[in-house]
1. For residues that are surrounded by fewer than 16 Cβ atoms within 10 Å (Cβ to Cβ) and of a type in the set (S, T, N, Q), scanning just the stretch 38-80, find the one that is nearest to the chain's Cα centre (by Cα).
2. State which residue is modelled with the highest pLDDT when the search covers only the stretch 28-79 and only residues that are β-branched (Val, Ile, Thr) and closer than 20 Å to residue 17 by Cβ.
Amino acid sequence: MPSFQQPLDPSQLDRIESKLDAIIAALAIPVDLPPAPQPSTMDQDLRSIRMQEGPIQAIKRCREMTGWGLKEAKLYVEAL
C-alpha cells in the first residue's frame, strides 16, 4: 500500500479512477459527497483536534471530512 506521503504515478491514479467509476456505476452509488478539504487546512484542523480532544476524535473528524474508512483515517491521523 502506498504511503500517504508519496504521490502516486498519474497513470496509477487514472487506472484507479476508472475502476472506481465502473464500481460506482455498477452499484448505482450516489456520488454527491462534498469535496475533501485542502490538505493543509485539513492537516491543521486534525492536528489541533488530536492535541485538544485526542486521536479518536481526530480520526472521527477525518472520516467526516474525507469519507474515508476507519483504517485510512487512522493511518492518516497517525502520520500527521
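1. Once the filter is applied, the top-ranked residue is 38.
2. So the residue we want is 66.
The values are calculated or read from the model by the stated rules, or taken from the named source; none is laboratory data. Keep in mind it's a predicted model, so treat the numbers as computed, not measured. Reconstructed Cβ throughout: ideal geometry from the backbone, glycine too, with neighbour counts over all protein chains shown.
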